[in-house]
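The values are calculated or read from the model by the stated rules, or taken from the named source; none is laboratory data. Just so it is clear, the model here is predicted, and its values are computed rather than measured. A quick note on method: Cβ atoms are made from the backbone with ideal geometry, for glycine too, and the neighbour counts reach across all protein chains shown. Just the protein is used for accessible areas: all its heavy atoms, side chains included, with ligands, DNA and RNA removed. Shrake-Rupley method; radii C 1.70, N 1.55, O 1.52, S 1.80 Å.
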Amino acid sequence: MDEKWLVGVDLGGTTIKMAFINYYGEILYKWEVPTDKTENGRKIPIQIAKAVVTKLEEINEPKSRLLGIGIGAPGPVNAANGSIDVAVNLGWKDFPLKDILEVEVNLPVVVDNDANIAAIGEMWKGAGEGAKELLAVTLGTGVGGGVIANGQIVHGANGAAGEIGHITSIPEGGSRCNCGKSGCLETISSATGIVRVALEEIANTSTPSVLRDLYNDEKHFSSKTVFDAVKENDPLALKVVDHVAFHLGLALANIANGLNPEKIVIGGGVSKAGDTLLKPVTAYFNKFAFPRVADGAELTIATLGNDAGVIGGAWLARSKFGVN
């Protein structure tokens, strides 16, 4: 099977990341194209098909080299038919992604949620390598998650398993979340949530902080700004990160008490803070988790970065269409 290549696709609202990957999970070629969201995202499957064919021509390889395509898409996925129930940022509703893409590219296609394929990528080739019981959380603009049990992604009753970002952290009086609820973990521990918490602290306290000087430049005020200030022992930044770590550690402990994972992998842009985030989250996790669960779990930062999705997509294609 080492002759055959797998196609991993990570479909995002801004870019579509793609890669040809061999049977052992090594990236051979990778590239990306801007996501065409015109006409409610109708052109996206054609765009992916064209990008695959164009790359094959560029490297002078036949389509027969490819085994199949594994693609991660935002929003809940219907596992039975590979359609996307709803992807707000793409304009999709009940969109038959698998069926259309298979017709356009004339290759077998398997579809899953983008956070799930990132979790699979980390399990196969990243920070979770070798772990069959794994919990992945992605801290980006929102908070996504993937649950792997016995080496398989958990989809749940209707494709919504792993929605870690929508665990209720503030039961009363929490901030409104994009999902329609209030007080979700996403409103605290996402990149946008961290900024919101910091700006609230600046507005409602008199704690001295370098963040106050940066407050007027909201355009460049980011979660990274907050973590950089922590490294300078800034009191307000320390308070914000402690608040974020408390809620993230508590949520992960509660999930872990039900799953007993071997690895908890934290990825997404916010995870670039490294130990500045990981150490306080681990401390709160150990405080709130059942002792035996805490003993069995290792919290770690994701290692694959932007490649997690395409590698996870390739694993999907390998396990669905390959000879194991």
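Brief remarks follow.
- Loop GluC sites (Glu not before Pro), the stretch 36-81, which have at most 11 other Cβ atoms in a 10 Å radius of their Cβ (DSSP): none
- Spatial extent of the chain: Rg and Dmax, with the Cα atoms as the point set, Å: 20.3, 65
- When only Cα pairs below 8 angstrom with a gap of at least 6 residues are kept, the stretch 217-324 shows a relative contact order of 29 percent.
- Accessible heavy-atom area order of Thr303, Thr276, highest first, probe of 1.4 Å: Thr303, Thr276
- For the chain, the mean residue ellipticity at 222 nm estimated from helices alone is -12000 deg cm²/dmol, where every DSSP H run of n ≥ 4 contributes -39500 (n - 2.57) and the total is divided by all residues, rounded to the nearest 500.
- Rounded accessible area per residue of the chain, 1.4 Å, Å²: 46 Å²
- DSSP H segments from the chain that extend 27 Å or more along their own axis, Cα-based, with Kyte-Doolittle mean of 1.0 or above: 235-259
- Straightening the chain between Leu28 and Asp94 buys 20.4 nm, computed as 0.36 nm per residue apart minus the Cα-Cα spacing.
- Of every Cα-Cα pair in the stretch 89-135, the percent that sits beyond 17 Å: 53 percent
- Loop-located trypsin sites (Lys or Arg not before Pro) in the stretch 235-324 whose Cβ has at most 13 other Cβ within 10 Å (DSSP): none
- Using the Cβ-Cβ distance between Val86 and Ala157 with R0 set to 25 Å, the FRET efficiency works out to roughly 0.90.
- At q = 0.13, 0.24 Å⁻¹, base-10 log of I(q)/I(0) for the stretch 186-252 (Debye sum, equal scatterers on each alpha carbon): -0.30, -1.02
- Computed accessible area, Glu133, all protein chains, 1.4 angstrom probe, square angstrom: 60 Å²
- The spread of Cα positions in the stretch 32-98, taken along each principal axis and listed from longest to shortest, comes to 37, 27, 14 Å.
- Near-label residues of the stretch 255-274 by backbone N, under 19 Å of a point 7 Å along Cα→Cβ of Glu129: 262-268
- Projected label distance in nm at Phe290 and Ser64, using a 7 Å step from Cα toward the beta-carbon: 5.5 nm
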